[in-house]
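Here, each number is a calculation from the coordinates, and none is a lab measurement. Keep in mind it's a predicted model, so treat the numbers as computed, not measured. Cβ placement follows ideal geometry from the backbone for every residue including glycine, while neighbour counts extend to all protein chains displayed.
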Amino acid sequence: MIAFSTTNQSAARVRADLLAVPIFADRELGPGADAVDAALGDGLVAFLKEAGFNGKPGETLTVPLPARSLAKTAVLVGLGPRAEVSTTVLRRAGAAVARRASKTTSVATTLAAAADGLDPDVAAGAVTEGFALGSYRFLEYKSEGEPSRLRRVVLVGVGGAKVDAAIKNAQVITDAVAWARDMINEPSGAKSPAQFAAAARRLLAGKGVKVTVLTEAQMRTLKMGGVLGVGQGSTSPPRFVKVVYEPTRAKARGTLALIGKGVTFDSGGLSLKTASGMETMKTDMSGAAAVLAVMSTLRTLGVRHRVVAYAPMVENMPSGNAIRPGDVLKMRNGTTVEVLNTDAEGRLILADALALAASDKVDAMIDAATLTGACVVALGEKVAGVMGNHAAWVEDVRAASERVGEPMWTLPLPDEYRKLLESEVADLRNIGTSGMGGALTAGLFLEAFVNDVPWVHLDIAGPARAASDDGELAKGGTGFAVRTLVEVARTFEVPIPKAKKAAKKKPLRKKPLKKKPVKKRASARGSAR
Ligand code: BES
Ligand code: MN
Ligand code: ZN
């Protein structure tokens with residue numbers, strides 16, 4: 001754990017192993033750079049030129065300082081154009097410095113004072129998140145792994161009660177992200193559904209929420225055919241974790257449901273994946289890890305409405321007892337599903353969870369799931385897909401993701417693809433008849449279980465894990481969606497404004513609309529778009 005503090009002293013007067021100072025585009029010196037410049041005898045700009053350092057975002061350069069300076073070393077960190085410094089830029093810069101500083105104990109940095117357009121508390125929160133997320137490492141199974149030695153970060157040039165609160169909130173949120181990352185990085189052999197549920201209980205003990213763990217027998221009573229069906233092939237039986245957060249303040253209104261896919265290992269089942277396809281499938285519980293992590297923050301952050309998390313946990317394995325292609329499952333809401341591919345298992349367990357949330361009469365729901373490879377093909381490894389049945393709610397969630405710097409992009413749920421899910425023997429089939437548009441048919445499948453409750457689906461199959469350290473993301477499980485879901489929980493309001501259903505967009509026009517006879521108007525405003 002890093003301890004964060006603030007000071008209004010000048011950068012040259014703060015004692016720390018390392019002084020991290022921002023440089024804007026074209027080597028424009030940021031706050032505190034004068035201290036480094038003075039220590040180098042006014043030679044900083046020449047030195048930057050010599051080193052080919054331009055001030056691009058993420059660029060770092062380490063400079064040893066003369067013995068008389070308080071800090072032994074300076075790290076210069078690029079922020080890009082001064083006018084474009086955002087929370088995302090600061091978060092990434094903080095993470096970059098944290099990586100550079102992993103062998104030192106203390107850092108002083110003026111980063112939080114570098115953004116003219118941001119409030120000091122917002123800037124300090126972003127820098128704090130960057131340091132905390134950038135110093136994460138998963139070393140559980142490394143005999144000689146070296147954890148980051150960074151213990152103390154002083155934010156120079158900001159201060160006050162609001163800044164302190166922002167730093168504290170950022171730490172609560174990044175602790176939650178770190179828990180999600182630890183769970184995601186844990187090998188599947190050590191995280192059966194029961195073990196995953198037990199870890200969730202440990203995380204949430206003392207966090208002001210109520211945790212219920214359903215066993216297989218209890219799920220049978222609740223007729224959760226999706227979770228039971230996918231889980232039946234594994235010797236480790238499924239679990240279903242439900243977490244309820246009740247705000248203490250009176251007048252709180254509305255309930256937000258968060259649903260997460262918790263496949264502790266996805267072998268594909270009898271529709272077996274390839275060996276390489278399985279390599280990353282211990283991460284197939286990233287959605288469940290994210291929503292459970294979010295639940296650990298709500299009390300401390302003072303969230304003012306009910307939030308309920310639903311996390312179905314299963315291991316998808318082939319065995320003599322596994323579901324077969326062609327089998328029919330009856331889901332919690334009575335819908336029957338013909339399972340034509342046992343590797344499309346996430347939607348089967350989410351179906352029960354969404355139906356349960358809908359019958360709990362929640363006001364809005366969001367699911368997060370590593371659901372389809374097709375979404376990774378469409379949007380790549382850094383951007384999640386957003387779908388939903390309620391345009392305003394979809395936009396709320398997408399906008400929240402933008403505010404916290406977790407890239408997401410809205411995808412459609414086209415009416416004309418619904419027929420791809422029609423089954424000859426059951427109400428639905430679990431894969432589309434066309435192999436194309438797999439992220440969308442998966443989304444359309446889920447929609448059949450939400451009972452018209454405003455719902456958003458986040459397909460995080462790409463960004464749930466990272467192939468290498470990158471900005472605030474660490475190699476391996478990223479904890480993606482935790483920060484977006486926390487932001488949504490903090491800003492949630494009921495009722496969600498009415499809007500046209502996202503899925504029921506205007507039909508494609510067959511012929512141009514006949515223009516109504518209208519009075520002549522100013523052409524600049526009246527031109528068709
Ligand atoms: N867990 C996978 C999706 C996935 C793939 C996540 C790659 C991360 C990286 C999911 O259960 C799955 O297997 N989906 C299938 C669906 C198909 C059978 C319709 C897929 O995407 O191939
Ligand atoms: Mn699968
Ligand atoms: Zn899966």
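What percent of all Cα-Cα pairs in the range 347-445 falls in each 10 Å bin, counting up from 0?
Per 10 Å bin, starting at zero, the Cα-Cα P(r) for the range 347-445 comes out as 14, 43, 36, 7, 0 percent.
Using +1 at the Cβ of each Lys and Arg and -1 at the Cβ of each Asp and Glu in the chain, identify which of Ala198, Thr128, Ala39 lies farthest towards the dipole's positive end.
About the Cα centre, the residue reaching furthest to the positive side is Thr128.
Would you kindly calculate the translational diffusion coefficient of the range 3-159, applying Stokes-Einstein with the Kirkwood radius from alpha carbon pairs, for 37 °C and a viscosity of 0.692 mPa s, and quote it in µm² s⁻¹ without decimals?
215
Counting other Cβ atoms within 10 Å, which GluC sites (Glu not before Pro) in the range 106-194 have at most 11 and lie in a DSSP loop?
Answer in residue order: Glu140, Glu144.
To the nearest 20 Debye, how big is the dipole of the range 40-198 about its Cα centre, given +1 on the beta carbon of each Lys and Arg and -1 on that of each Asp and Glu?
360
About its Cα centre, what dipole magnitude does the range 127-213 give when the only charges are +1 on Lys and Arg Cβ and -1 on Asp and Glu Cβ, stated in debye to the nearest 20?
With only Lys, Arg, Asp and Glu charged at Cβ, the dipole is about 260 debye.
Rg/Rh for the chain to two decimals, with Rh computed the Kirkwood way over all alpha-carbon pairs.
1.03
Only Lys, Arg, Asp and Glu count, each charged at its Cβ (+1, +1, -1, -1), so figure out the dipole size of the chain about its Cα centre, rounded to 20 debye.
The calculated dipole for the chain is roughly 2000 debye.
Using 17 Å as the cut-off for backbone N distance, which residues of the range 153-176 belong to the label zone defined by a point 7 Å from the Cα of Ser5 along Cα→Cβ?
Answer for this model: 153-161, 163-165, 167-168.
Taking every eigenvalue of the Cα gyration tensor of the range 216-495, multiplying by 5 and rooting it, what semi-axes result, largest first, whole Å?
Semi-axes, largest first: 27, 21, 19 Å.
Sorted by mean Cβ packing within 10 Å, highest first, what order do the peptides 416-428, 103-115 take?
For the peptides 416-428, 103-115, the packing ranking is 103-115, 416-428.
In what sequence, highest mean first, do 262-274, 304-316, 285-297 appear when ranked by Cβ atoms within 10 angstrom?
Ranking the peptides 262-274, 304-316, 285-297 by packing returns 285-297, 304-316, 262-274.
Which trypsin sites (Lys or Arg not before Pro) in the range 56-98 sit in a loop by DSSP (not H, G, I, E or B) and have at most 15 other Cβ atoms within 10 Å of their own Cβ?
Arg68, Lys72
With 29 Å as the limit, write out which pairs from Lys207/Lys382; Lys103/Lys168; Lys210/Lys498; Lys49/Lys142; Lys361/Lys498 have Cα-Cα distances beyond it, or answer none.
From the list (Lys207/Lys382; Lys103/Lys168; Lys210/Lys498; Lys49/Lys142; Lys361/Lys498), the Cα-Cα distance tops 29 Å for Lys207/Lys382; Lys210/Lys498; Lys49/Lys142.
Give the residue from Gly405, Pro325, Ser106 lying farthest towards the positive end of the charge dipole for the chain; charges sit on Cβ (+1 for Lys and Arg, -1 for Asp and Glu) and the dipole is referred to the Cα centre.
Gly405
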